[in-house]
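The values are calculated or read from the model by the stated rules, or taken from the named source; none is laboratory data. Since we're looking at a predicted model, the values are computed, not measured. In this analysis, Cβ positions are derived from the backbone assuming ideal geometry, glycine residues included, and neighbour counts consider all displayed protein chains. Surface areas here come from the heavy atoms of the whole protein model, side chains and all, with no ligands, DNA or RNA. Shrake-Rupley method; radii C 1.70, N 1.55, O 1.52, S 1.80 Å.
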Amino acid sequence: MAQKLEIFPVTRVEGHGKVTIYLNDAGEVEKTYFHVTQVRGFEKFCEGRVFWEMPVITQRACGICPVSHHLASAKATDKLLGVEIPPTAKKLRELMHMGQIVQSHSLHFFHLASPDLLFGMDADPKIRNVVGVVEKHPDLALRGVKLRKYGQEVIKILGGKRIHPRFAIPGGVSKGLSVEERDSLLKDIDWVISELKDTVKLIRNLAEEWGDKFRNFASFPSLYMGLVDEKGNLDLYHGKIRLCDYRGKIIDEFSEDNYLEKIGEWVEPWSYMKFPFYKDFGYPEGSYRVGPLGRINCCDDISTPLAKEELKIFRDMIGSRVAEGSLFYHYARMIEALHAAEKLKELLEDPDITGTELRAVSRDFNPEGVGVLEAPRGTLIHHYKINESGEIIKANLIVATVNNNNAMNKAVELVAKEYIKGPDVKEGFLNMVEVAIRCYDPCLSCATHALGKMPLEILIYDSEGNGLRKLVRDL
Amino acid sequence: MAKVKIASTWLECCSGCHMSLLDLDEKLVELLSKIEFDASPITDIKEFHPVDVGIVEGSVGNEEQLEVLKKIRENSKILIALGDCACFGGIPAMRNFFKKEDVLKRVYIETESTVNPKKTIPHVDVPELFPAVKPIDQFVKVDVYIPGCPPDPRAIEYALKELLEGRIPVIPTELLSYE
């Protein structure tokens, strides 16, 4: 009789999810599902609100990278006003975004992912968490705490608070950066850059030590997506959306204004999270991966010197333009964090950054506006339609994590098929399934913006669909 | 002295209140010598065990969340409602102005980028939505409220330190925020 395994909730990811694994009569893995079990309905309940509230409301989709929603939303509202915002406002928004990349990538690496990498995927769950890292590797844990703190302070100085700041407004920003504030941020930036450089080295060493185990873990070909600047360099804030294939060949490049022609979202009955795909290739063939690895695979190069050097080392190590193993997400993530820190320094040293022209005004509305940027977890699109009074009549969001839905399902399937034989599964093997998901740093809070959040669980069912076993991992 | 055991969970919310807890930075590392986390999104402990303090972020919008809320209540001597969603419903309660069928229809059928020829609305292995999103004290007894979107990390620190001293915290006005 076939069976079903369940992991619930999936932990050390941000939000609510569960995994269901079906075994056939021979005890082999037949099907796997990564479900997101929450939906909130932002795309409905924003209707009727005035558009200038959107940067404040939509950031409540996520408390981990609220700044992504705050800024993508502001970009969409700039389009509603039909304005180009002043250079100082543009650079201040980007500064805030870089602060966020540093805090969010540090949070993920040190607080959520590092226990698997430092202690091993099948280590005792009692120590396999951030508290364990604090106890066994206090210096490293403290590094993570301080890096995150720096990123959060950038956000707080600009937006008044670390989480859900009020900063970006349609047409610009609400506050400038004083010389004193700038100097206080410049004081520690070299330390931040140097610590992140060391962290890239740490993950590189782990990748080398683990060898094929690292390289082949949840590895599969796919399309990749990310923003690039006009030269094809990695760009986390502006740019055109690029799609490339598993060899790194560019498939398409388009502006966010054309996203509806290019990207569709499929719906499956077993998850509240939708399944985006590239329309020319159809579903599921057009599924793609976003986030750090998507971006690193898509870009031709990186503009800042230290991250540029690290990208070269990364590509030399994998021996190709594109890395397919899911664990490389962690490596790519820290290269990006280093780039963001270098970019922070560049922006802080730019004389425009303490400018006082902060807002462009307009008396006319456009009926529609689309904003895009690269959130820590991937390409994020906000799209609004308004009436003559400026009330939202339609809102559509394609959120970073949602783009990786098919990839996470694929990663779960590959790992489950490789490591799970029969219903008596050791905790460590179940954790491997979660490790595969964690590579994508899924923010299920965001992903369930429409829906809700996700904890993760693994269920085992028989072929008639009767629940046999719920593998709720326990101590 | 034995460490104070804490469990935490997130329901209908954005995770921002848990992030505010992490925003204690080095102070959280210091607190870890006095507290021990049981089931929580940051550990791999998946089932609730009896603890001294339970922390709930988020409101209740579906049956799964209600089940989790009841479990953490049963296992906690003191239950904290952390943040505006848990205390009052928060932004997720904006859904209450609409029928849940209309919310699902908009999200899964009507949104501009959705391609859904069969008009599927997710229903397999996903919990059914309640018609309205409600704060947690509509379902269970709450001992301590810490509002804010999210609460200031200093308010969280104050509450935890008072609890460690065996007192039920009364958050000072200057640390409270209602948004």
Q: Check region B:27-50 and report whether any residue there is at pLDDT 90 or above, surrounded by fewer than 23 Cβ atoms within 10 Å (Cβ to Cβ), within 7 Å of chain A (Cβ to nearest Cβ) and within 30 Å of A:His70 (Cα to Cα).
A: no
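Okay, residues lined up against (1) surrounded by fewer than 21 Cβ atoms within 10 Å (Cβ to Cβ); (2) touching a residue at least 40 places away in the same chain (Cβ under 8 Å):
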| position | (1), (2) |
| --- | --- |
| B:Val140 | yes, yes |
| B:Asp143 | yes, yes |
| B:Gly148 | no, yes |
| B:Pro153 | no, yes |
| B:Tyr158 | yes, no |
| B:Ile168 | yes, yes |
| B:Glu174 | yes, no |
| B:Ser177 | yes, no |
**Q.** Lone unmet requirement of (1) at pLDDT below 95; (2) small (Gly, Ala, Ser); (3) touching an Asp or Glu at 6+ places or on another chain (Cβ under 7 Å) for A:Gly48
**A.** (1)
(Q) Scan region A:179-196 and tell me whether some residue there is surrounded by 21 or more Cβ atoms within 10 Å (Cβ to Cβ), among the basic types (Lys, Arg) and at pLDDT 95 or above. (A) no
Q) Does A:Lys161 count as without any contact (Cβ under 8 Å) to a residue 24 or more places away in the chain, in a loop (DSSP other than H, G, I, E, B), under 21 Å from A:Pro376 (Cβ atoms) and open to solvent by 50 Å² or more (accessible area, probe 1.4 Å)? A) yes
Q. Quick one: would you say B:Lys134 is more than 22 Å from B:Arg167 (Cβ to Cβ), open to solvent by 20 Å² or more (accessible area, probe 1.4 Å) and touching a residue at least 60 places away in the same chain (Cβ under 8 Å)?
A. yes
Q.
Take the residues in region A:312-325 that are open to solvent by 40 Å² or more (accessible area, probe 1.4 Å) and in contact (Cβ under 8 Å) with a residue 40 or more places away in the chain; name whichever of them is nearest to the chain's Cα centre (by Cα).
A. A:Glu324
Q: Those residues that are in contact with a Pro (Cβ under 8 Å, 6 or more places away or on another chain) and at pLDDT below 95, I need them from region A:126-165; list them, please.
A: A:Ile127, A:Arg128, A:Asn129, A:Val130, A:Gly132, A:Val133
Q: Working only within region A:282-302, note down all residues that are open to solvent by 50 Å² or more (accessible area, probe 1.4 Å) and within 21 Å of A:Leu380 (Cβ to Cβ).
A: A:Tyr283
Q: All but one of (1) within 21 Å of the chain's Cα centre (by Cα); (2) of a type outside the set (A, V, I, L, M); (3) open to solvent by less than 10 Å² (accessible area, probe 1.4 Å); (4) more than 8 Å from chain B (Cβ to nearest Cβ) hold for A:Gly41, so report the exception by its number.
A: (4)
Q: Among the residues of region A:78-111, count how many are under 30 Å from B:Leu11 (Cα atoms) and open to solvent by less than 10 Å² (accessible area, probe 1.4 Å).
A: 15
**Q.** Meets criteria (out of contact with any Lys or Arg (no Cβ under 6 Å at 6 or more places or on another chain), closer than 30 Å to A:Pro276 by Cβ, surrounded by 14 or more Cβ atoms within 10 Å (Cβ to Cβ) and touching a residue at least 12 places away in the same chain (Cβ under 8 Å)) for A:Leu380
**A.** yes
Q. What pairs can you find where one residue is in region A:398-409 and closer than 7 Å to A:Gly378 by Cβ, the other is of a type in the set (S, T, N, Q), and their Cβ atoms are less than 7 Å apart, with a gap of 6+ or different chains?
A. A:Ala400/A:Thr379; A:Asn403/A:Thr379
**Q.** Within region A:1-24, considering residues that are modelled with pLDDT of 85 or more and away from every other protein chain (no Cβ under 14 Å), the one nearest to A:Lys417 (Cα to Cα)
**A.** A:Leu23
Q: Can you work out which of the residues in region A:129-156 that are among the hydrophobic types (A, V, I, L, M, F, W, C) and facing another protein chain (nearest Cβ under 8 Å) is surrounded by the most Cβ atoms within 10 Å (Cβ to Cβ)?
A: A:Val130
Q. Counting only residues that are facing chain B (nearest Cβ under 8 Å) and more than 15 Å from A:Ile241 (Cβ to Cβ), which one in region A:266-281 is surrounded by the fewest Cβ atoms within 10 Å (Cβ to Cβ)?
A. A:Pro269
Q.
Yes or no: region A:105-113 includes at least one residue that is part of a helix (DSSP H, G or I), within 18 Å of A:Gly63 (Cβ to Cβ), modelled with pLDDT of 90 or more and at the interface with chain B (Cβ under 10 Å from one of its Cβ atoms).
A. yes
Q) Given the structure, is A:Val412 over 25 Å from A:Gln59 (Cα atoms), hydrophobic (A, V, I, L, M, F, W, C) and at pLDDT below 95? A) yes
(Q) farther than 23 Å from A:Leu158 by Cβ, in contact with a Leu (Cβ under 9 Å, 6 or more places away or on another chain) and open to solvent by 20 Å² or more (accessible area, probe 1.4 Å): is that true of A:Lys126 in this structure? (A) yes
Q) When you go through A:Glu309, A:Glu268, A:Glu256, A:Glu230 one by one, which is the residue that is free of Cβ contacts under 8 Å to residues at least 40 places away in the same chain, charged (D, E, K, R) and either touching an Asp or Glu at 6+ places or on another chain (Cβ under 9 Å) or closer than 25 Å to A:Val370 by Cβ (or both)? A) A:Glu230
Q: Go through (1) farther than 19 Å from B:Pro147 by Cα; (2) more than 9 Å from chain A (Cβ to nearest Cβ); (3) modelled with pLDDT under 95 one by one and return the number of the condition B:Leu66 breaks.
A: (3)
Q: Please verify whether region A:213-236 includes one or more residues that are modelled with pLDDT under 95, closer than 21 Å to A:Leu117 by Cβ and more than 23 Å from the chain's Cα centre (by Cα).
A: yes
Q. On the given criteria, is B:Asp102 open to solvent by 10 Å² or more (accessible area, probe 1.4 Å), of a type outside the set (Lys, Arg), more than 29 Å from A:His383 (Cβ to Cβ) and free of Cβ contacts under 8 Å to residues at least 24 places away in the same chain?
A. no
(Q) Going by what's in this entry, would B:Phe97 be described as free of Cβ contacts under 8 Å to residues at least 12 places away in the same chain, among the aromatic types (Phe, Trp, Tyr), facing another protein chain (nearest Cβ under 9 Å) and surrounded by fewer than 24 Cβ atoms within 10 Å (Cβ to Cβ)? (A) yes
(Q) Can you tell me which of (1) farther than 30 Å from A:Ile381 by Cβ; (2) within 10 Å of chain A (Cβ to nearest Cβ); (3) surrounded by fewer than 24 Cβ atoms within 10 Å (Cβ to Cβ) is the one B:Asn75 doesn't meet? (A) (2)
**Q.** Filter result for the condition that a residue is more than 29 Å from A:Phe110 (Cα to Cα), of a type in the set (Gly, Ala, Ser) and within 11 Å of chain B (Cβ to nearest Cβ), over A:Gly63, A:Gly48, A:Gly82
**A.** A:Gly48
Q. How about region B:18-77: which of its residues are touching a residue at least 60 places away in the same chain (Cβ under 8 Å), within 23 Å of B:Lys161 (Cα to Cα) and polar (S, T, N, Q)?
A. B:Ser20, B:Asn75, B:Ser76
